[in-house]
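Colleague: One structure, as structure tokens, below. Some questions next.
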Amino acid sequence: MPTMTYLEAISDALRQELRADERVLVMGEDVGAFGGAFKVTDGFVEEFGEGRVMDTPLAEAAIVGTAVGAAVVGMRPVCEMQFADFVACGFDQLVNVAGKTHYRSGLAVPIVVRLPSGGGFSGGPFHSQNPEAWFMHAPGIKVLAPSTPEDAKGLLTAAIRDPNPVVFLEHKHLYRRIKGEVPVGTYETPMTARLAREGEDLTVIAYGAMVHAALEATTPEQVDGASVEVLDLRSLVPLDTEAILATVAKTSKIVIVDEANETCAAGAQVAALIAEHAFEQLDGPIRRVATPDVPIPFSPPLEQAVLPSVERIRDACRDLLAY
Amino acid sequence: MATQTAGPAGARDPAAVSETSLGPSAHLTAADRVELLRAMLLMRAIEARALTLYRQGRVPGSFYDGFGQEAVSVGAAFAMSPQDRLCILHRDLGAHLVRGVAPPRILAQYMGRASGVTGGRDGNVHFGDPALGCVPMVSMLPDMMCVAAGMAMAFKLRGEPRVALTFFGDGSTSRGDFHEAMNWAGVQRLPVVFVLENNQYAYSTPLSKQFAVDPVERARMYGFPGVTVDGNDVEAVFETVRAARSRALAGEGPTLVEAVTMRMHGHAAHDDMRYVPPELLAEWAERDPIERQERRAASLGVDVEALRAEVEAEVDAAAAEALAGQMPDPANAAHGVFAVGAPQPLGDGRAPWSGFAAEPATAVRDPLSAGAGTDGGEQRPAEATV
């Protein structure tokens, strides 16, 4: 199997689907001639033409809205928000038009909205956000957040083939930092959780970039030899309740990590789920590690003070292990 | 056709508008002209019945109608082919009737019945029948301008001779989606017709508080024509939209059609319209679109009274059928949030205009659909880029 970066795996998924299905269309700001702000679509316009790799006006509502229109007449648009933060400008089209059309009319809206998300490199308050919870709260939208190149390719492929609106969070800090083996050809990764590491004594539940932070924070050396399981959610909608409850039954100690702001984050939903359905199986309080409810600051010491660090995750695990 | 210049404030002067209207269309047969009247009569009769049902407590929520605006939706929809696609708004019931939505389903829709177009999942005219090539509106206006532009974008990409059309009101022109859709459609020269239904008020807000420059004038700034038409003349609306559609099919891009009309009822059934000067309503009452078309039909020898009676009987029957329908099963309230399996493509709508009968039926077929409807179908390998 070839090795690819997370970014190359995303590009590969897009390229393969563009080749395989002429209904697939990539659209967004600067995705054509420039190849995208992060170069995910580098070289695409040469292979597929300006019609299918479309540089759009700077208009997020219209990017999502026209994608909905194209989708209902048979296309499979994949939109790129240049930064996940900018999806706020297209929020209404996504939440009210894309998300509610099937329930109201039976008309499917197969669009994908790619959201380069997350902080860690001085993007500041408007280039660092993790807006996944906005969409978890909006019925009718699937929300995916892969952590590995293999899953990024397989989940993006699944998203493009899915008949629903799918929000696809790709963490910018993983783009070039994370490499891994990626199967050749096309394949779909199921929208379920994945055990990133098996363990016996405690489970860290995370997704996206925080999976890597969790793995780093819970090596045996970091946690006095304890055996820590790491569950990578991969999909937030649908949420893999079965896998979450299974790991609770197995380890009985749960730390949940979100890079997103703490209140009503994905991890809050996971915590509620466990409290409601697996209270008797817990052997200690659920612990959460998340970004406090502040905008993501620009300056490195400020940003590092708010984002969940390896140390904060490690300390939360140590505390809970000692409970 | 020239863009009409209007003053920046105050209600549009209907007399000035009529001077620029196209008047009776040379593209309409006598049967077409009667069909236009029939659709407007049906819209008014259905909405009158629905208002009665609302007052009887049978329509939950509130009730919105398009009394006085019938010519806009009927005339515009009449110009659209089966394979064209529409996003119809809440004062445009006539467009649904032209496309073929059966009256019992509409009355059941108002009453939240299982047999309504949305099966009780949405109310009022917040629907679009996908089987008839219509995408349901949302209440955030004018979101559907972007959706219509997107449909047109797909038609253009695939080289299909088809057009998308959507309606929106004067208040909608203040929102960002108006700008984004107008700009996008202009940049890409999309085959889309934007029908601005200027009915003088957005809820209680008059035009003078909505914009400083009449929206039809803005069209030129986006690179395409804006045309004002008398929105109370169904044949003029048809002719204007027909011309805009032809323009779109010729690859000349979008048109903004401003249909000037008057909202003769309140924003919704609870609204007493105390903010509208009575003399304005009286002035517009003289210009009732149905009475105008009735005079034309009478001159063609049509028995208008008989036509009215026929429509009333149809609505009586529709109301009885709708009232006999069941309420939806609460057990299904959470079903269908997500689509499962291959999407069901949009179907083609009814297109009663005689002009379409002359067009070859094979002229408009989606190259991507293998035997399915016009939109969608099974996935096929890409043999060539579109």
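Colleague: Could you work out how far apart the two model spin labels at A:Lys179 and B:His267 are, taking each label as a point 7 Å from the Cα in the direction of the beta carbon, and quote it in nm?
Modeller: The two pseudo-label positions are separated by 6.0 nm.
Colleague: Rounding to the nearest 10 and keeping the result within 0 to 90°, find how far the Cα-based axis of helix A:60-72 lies from the longest principal axis of chain A.
Modeller: Tilt relative to chain A: about 70 degrees.
Colleague: Per residue of B:292-298, what is the mean number of Cβ atoms on other protein chains within 10 angstrom of that residue's Cβ? Numbers along the way, then the final one.
Modeller: On the way: counts 0, 0, 0, 0, 0, 0, 0.
Mean shielding by partner chains, rounded to a whole number: 0.
Colleague: Would any residue of the stretch B:227-261 have its amide N under 15 Å from a label point 7 Å out along Cα→Cβ of B:Ala26? List them or say none.
Modeller: Once the point is set 7 Å along Cα→Cβ of B:Ala26, B:239-240, B:243 turn out to lie under 15 Å by backbone N, inside the stretch B:227-261.
Colleague: What number, in percent, do you get for the relative contact order of chain B if the mean sequence gap of Cα pairs under 8 Å and at least 6 apart is divided by its residue count? Walk me through the numbers before you get to the answer.
Modeller: Working: 764 pairs, mean separation 97.2, N = 386.
In percent, rounded to a whole number, it is 25.
Colleague: Now a separate question. Got the relative contact order for chain A handy, in percent, Cα pairs under 8 Å and 6 or more residues apart? It would help to have the intermediate numbers written out before the result.
Modeller: Numbers: 741 pairs, mean separation 53.8, N = 323.
Once divided by the residue count of chain A, the mean separation gives 17 percent.
Colleague: Please report A:Thr241, B:Thr228, A:Thr157 as a ranked list, fewest other C-beta atoms within 10 angstrom at the top and most at the bottom. If you can, show how the numbers build up before the last one.
Modeller: On the way: A:Thr241 13, B:Thr228 27, A:Thr157 20.
So the residues, fewest neighbours to most, are A:Thr241, A:Thr157, B:Thr228.
Colleague: Starting from the Cα gyration tensor of the stretch A:194-321, multiply each eigenvalue by 5, take the square root, and state the resulting semi-axes largest first in whole Å. Write out the running numbers ahead of the final one.
Modeller: On the way: eigenvalues 98, 60, 31 Å².
Computed over the stretch A:194-321, the values are 22, 17, 12 Å.
Colleague: With unit charges on the beta carbons (Lys and Arg positive, Asp and Glu negative) and the dipole taken about the Cα centre of chain B, which residue among B:His267, B:Phe155, B:Ser25 sits farthest to the positive side?
Modeller: Comparing the listed Cα positions along the dipole, B:Phe155 ranks first.
Colleague: Could you bin all the Cα-Cα distances of chain B into 10 Å bins starting at 0 and give me the percent of pairs in each, rounded to whole numbers?
Modeller: 5, 24, 34, 26, 10, 1, 0
Colleague: Express in nm, to one decimal, how much length is gained between A:Leu195 and A:Glu276 on full extension, taking 0.36 nm for each residue of separation and deducting their alpha carbon distance.
Modeller: Working: separation 81, 0.36 × 81 = 29.16 nm, distance 2.24 nm.
The A:Leu195-A:Glu276 span can extend by a further 26.9 nm.
Colleague: Using mean Cβ contacts within 10 Å as the protection proxy, how do A:145-154, B:98-107 order, highest first?
Modeller: Working: A:145-154: 26.4, B:98-107: 23.5.
Put in order of decreasing packing, that is A:145-154, B:98-107.
Colleague: Please report, in whole Å, how far the alpha carbons of chain A spread along each principal axis, starting with the longest.
Modeller: If we take the Cα atoms of chain A, the spans are 59, 40, 40 Å.
Colleague: Give the calculated FRET efficiency between A:Glu221 and A:Asp42 to the nearest 0.05, with a Förster radius of 51 Å applied to their Cβ-Cβ distance.
Modeller: Working: r = 39 Å, r/R0 = 0.77.
Computed FRET efficiency for A:Glu221 and A:Asp42 comes out at 0.80.
Colleague: In the protein assembly as shown, how many lysine pairs have Cα atoms under 18 Å apart, counting only pairs 8 or more places apart or on different chains? Let's see the in-between values first.
Modeller: Values: A:Lys39/A:Lys153; A:Lys39/A:Lys172; A:Lys39/A:Lys179; A:Lys100/A:Lys142; A:Lys142/A:Lys153; A:Lys153/A:Lys172; A:Lys153/A:Lys179.
Count of close lysine pairs: 7.
Colleague: Hey, another quick one. Give, rounded to the nearest 20 debye, the magnitude of the charge dipole that the protein assembly as shown has about its Cα centre when Lys and Arg contribute +1 at Cβ and Asp and Glu contribute -1 at Cβ. Display every interim value, and only then the final one.
Modeller: Details: 60 positive and 91 negative charges, 125 e Å.
The dipole of the protein assembly as shown has a size of about 600 debye.
Colleague: Could you check the simple spin-label distance between A:Asp283 and B:Ala342, using points 7 Å along Cα→Cβ, in nm with one decimal?
Modeller: Going by the 7 Å Cα→Cβ label model, 5.2 nm.
Colleague: On to the next question. Tell me, what is the Rg over Rh of the stretch A:111-194, with Rh the Kirkwood radius over Cα pairs?
Modeller: Working: Rg = 13.2 Å, Rh = 13.5 Å.
That ratio is 0.97, to two decimals.
Colleague: How crowded by other chains is B:80-87, given as the mean number of beta carbons from other chains within 10 Å of each beta carbon? Mind showing how you got there, number by number?
Modeller: Values: counts 0, 0, 0, 1, 0, 3, 0, 3.
Whole-number average of other-chain Cβ neighbours for B:80-87 is 1.
Colleague: By what distance, in whole Å, do the Cα atoms of the protein assembly as shown stretch along each of the three principal axes, largest value first?
Modeller: That works out to 96, 56, 49 Å along the principal axes.
Colleague: May I pose another question? Can you compute the helix-only [θ] at 222 nm over the protein assembly as shown? Use -39500 (n - 2.57) per DSSP H run of at least 4 residues, normalise by all residues, nearest 500 deg cm²/dmol.
Modeller: Working: 24 runs with 260 residues, N = 709.
Calculated from helices alone, the mean residue ellipticity at 222 nm is -11000 deg cm²/dmol.
Colleague: Right, another one. Grab the beta carbon distance between B:Ala298 and B:Asp329, set R0 = 56 Å, and tell me the FRET efficiency rounded to 0.05. Walk me through the intermediate numbers first.
Modeller: On the way: r = 48 Å, r/R0 = 0.86.
The calculated FRET efficiency here is 0.70.
Colleague: Okay, moving on. Report the Cα centroid-to-centroid distance between the stretch A:177-236 and the stretch B:133-195 in angstrom, as an integer.
Modeller: 44
Read the figures in this text as sums done on the coordinates, not as results from a lab. Model, not experiment: these values are computed from the prediction. Note that we place each Cβ from the backbone using ideal geometry, even for glycine, and neighbour counts take in every protein chain shown.
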